[in-house]
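Structure first, commentary second.
The values are calculated or read from the model by the stated rules, or taken from the named source; none is laboratory data. No experiment lies behind these values; they were computed from the predicted model shown. Here the Cβ is made from the backbone with ideal geometry for all residues, glycine too, and neighbour counts use every protein chain on show. To get the accessible areas, we keep the full protein, side chains included, count just its heavy atoms, and leave off ligands, DNA and RNA. Shrake-Rupley method; radii C 1.70, N 1.55, O 1.52, S 1.80 Å.
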Amino acid sequence: MRKPFVAGNWKMNKTAEEATALVKEMLPELQSVAAVERVLCPPFTSLMIVSALLTGTGLGTGAQNMHWEAQGAFTGEVSPRMVKEFCQYVILGHSERRTYFAETDALINKKIKAALEVALTPIFCIGETLEENQASRTAEVVIRQVKEGLAGLTQEQAKGIVIAYEPVWAIGTGLAASGTGANAVVKDYIRSTLEEMFGRQVADAVRVLYGGSVTAANASEFFEQPEIDGALVGGASLKPAEFVNIVKAAVR
Ligand code: PEP
């Protein structure tokens with residue numbers, strides 16, 4: 001049985017002071033939902049304070065990005081070991097990084113390997129754009145992203161990864177995919193590619209989340225799908241009652 005997983009991606013929102021208030025408001029309710037693996041991903045500047053607030057609560061902390069090199073002359077970047085000081089997870093390959101920062105599958109693959117080297121769990125994001133979707137290229141794109149993103153990993157490494165299927169057209173648009181549509185992509189393209197690459201056991205063990213305009217109102221539509229194990233939540237993760245209700249809906 002795969003443990004349900006819900007992560008909140010705060011994106012570039014909240015100062016450290018605001019992050020503290022947000023965590024304090026949500027924490028008591030979130031702590032009661034131990035059946036779900038719960039992760040908060042604030043901006044870098046709030047990782048230290050948020051991880052301190054979450055220590056011993058059962059919730060985890062995640063970064064939203066990192067560099068792949070261990071250290072060095074990379075002005076403005078943050079290394080895997082720096083992230084690891086405060087986090088157990090790191091979001092990699094988010095569509096906003098692919099779009100605005102030109103992150104390629106090959107670069108994301110380097111970051112995934114670097115995360116695994118320091119025992120961070122990657123939350124690896126994939127998904128097709130609107131244009132690709134409309135051109136019936138979803139299968140091709142998603143399969144390529146999985147193959148290139150996870151190239152060279154061992155079965156053991158692959159097993160521990162969390163994948164977020166996030167159709168780009170659904171992110172921040174209020175236009176979520178349908179539960180059955182997302183389930184089909186996860187089953188037919190993501191798990192089948194995992195099976196081809198790493199075998200059936202790994203394909204069955206990897207948690208695959210849906211992301212894209214998840215709210216408390218539509219979360220159950222995704223969580224009742226057999227292939228979907230939770231959600232990566234953007235906008236709604238900044239609204240305490242919404243996020244708490246999404247996490248509660250993920251209990252199996
Ligand atoms: C995201 O940022 O990963 C995301 C899914 O955003 P939203 O929930 O706002 O669509």
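Cβ under 15 Å from Thr129's Cβ, Thr129 left aside: what net charge do those residues give with Lys, Arg +1 and Asp, Glu -1? Overall, the nearby charge balance is -4. Have a look at Ala170, Val202, Thr180 and report the one farthest towards the positive end of the charge dipole of segment 5-249, computed about the Cα centre with Cβ charges (Lys/Arg +1, Asp/Glu -1). Final value for the positive-end residue is Val202.
Quick one: which of Lys159/Lys187; Lys11/Lys159; Lys113/Lys147; Lys113/Lys159; Lys111/Lys239; Lys3/Lys84 span more than 18 angstrom between C-alpha atoms? Numbers along the way, then the final one.
Values: Lys159/Lys187 16 Å; Lys11/Lys159 26 Å; Lys113/Lys147 14 Å; Lys113/Lys159 13 Å; Lys111/Lys239 30 Å; Lys3/Lys84 23 Å.
Those over the limit are Lys11/Lys159; Lys111/Lys239; Lys3/Lys84.
Under a 5 Å amide H cut-off, with hydrogens placed 1.01 Å from N, Gly230 pairs with Phe5, Tyr210 among residues at least 5 apart or on other chains.
What percentage of the solvent-accessible surface of the chain, computed with a 1.4 Å probe over protein heavy atoms, is contributed by carbon and sulfur atoms? Don't skip to the answer; put the middle values down first.
Numbers: 5870 of 11120 Å².
Here it works out to 53 percent.
Sort 143-149, 178-184 by packing, meaning the average of other beta carbons within 10 Å per residue, with the highest value first.
143-149, 178-184
Mean silhouette area of segment 40-128, derived from the convex hull of its C-alpha atoms and averaged over all directions, reads 5.9 nm². Modelled spin labels at Arg137 and Met197, positioned 7 Å past Cα toward Cβ, are 2.0 nm from each other. How much net charge surrounds Trp68 when only other residues with a Cβ under 14 Å from its Cβ are counted (Lys, Arg +1; Asp, Glu -1)? Its environment carries a net charge of +1.
For segment 107-239, what D do you get in µm² per second when you plug the Kirkwood radius from alpha-carbon pairs into Stokes-Einstein at 4 °C and 1.567 mPa s? D, rounded to a whole number, is 87 µm²/s.
Could you compute the FRET efficiency for Ala217 and Met12, with r as their C-beta to C-beta distance and R0 at 35 Å, rounded to 0.05? Mind showing how you got there, number by number?
Working: r = 25 Å, r/R0 = 0.72.
That pair, Ala217 with Met12, gives E of 0.85.
Report note on the peptides 2-10, 236-244, 200-208: ranked by the mean count of other C-beta atoms within 10 Å, highest first, their order is 2-10, 236-244, 200-208. Plainly put, segment 5-249 has a radius of gyration that is 0.94 times its Kirkwood radius, both from alpha-carbon atoms, as the Rg/Rh ratio.
In straight-distance terms, cross-link reach from Lys14 covers every one of the aspartates and glutamates whose alpha-carbon lies under 15 Å from its own, apart from those fewer than eight places away in the same chain; here that gives Glu25. Other residues within the sphere of radius under 9 Å centred on the Cβ of Phe5, judged by their own Cβ, net out at +2 (K and R +1, D and E -1).
Across segment 77-88, coupling constants 3J(HN,Hα) worked out from phi with the 6.51/-1.76/1.60 Karplus curve, θ = phi - 60°, read 9, 10, 8, x, 5, 5, 5, 4, 4, 10, 10, 10 Hz, and Gly and Pro carry x.
Karplus-derived 3J(HN,Hα) values for segment 146-153, using 6.51 cos²θ - 1.76 cosθ + 1.60 with θ = phi - 60°, are 5, 4, 6, x, 9, 4, x, 7 Hz; glycine and proline are entered as x.
For segment 1-71 versus segment 73-143, the inter-centroid distance based on Cα atoms is 18 Å. The protection proxy used here, the mean number of other Cβ atoms lying within 10 Å of each residue, ranks peptides 32-41, 45-54 as follows, highest first: 32-41, 45-54. Annotation: amide H of Val90 within the under-5 Å range of Ala63, Thr121, Ile123, sequence separation 5 or more or interchain, hydrogens built in the peptide plane.
Its Cα centre serving as origin, the chain has a Cβ charge dipole (Lys and Arg +1, Asp and Glu -1) of approximately 420 debye.
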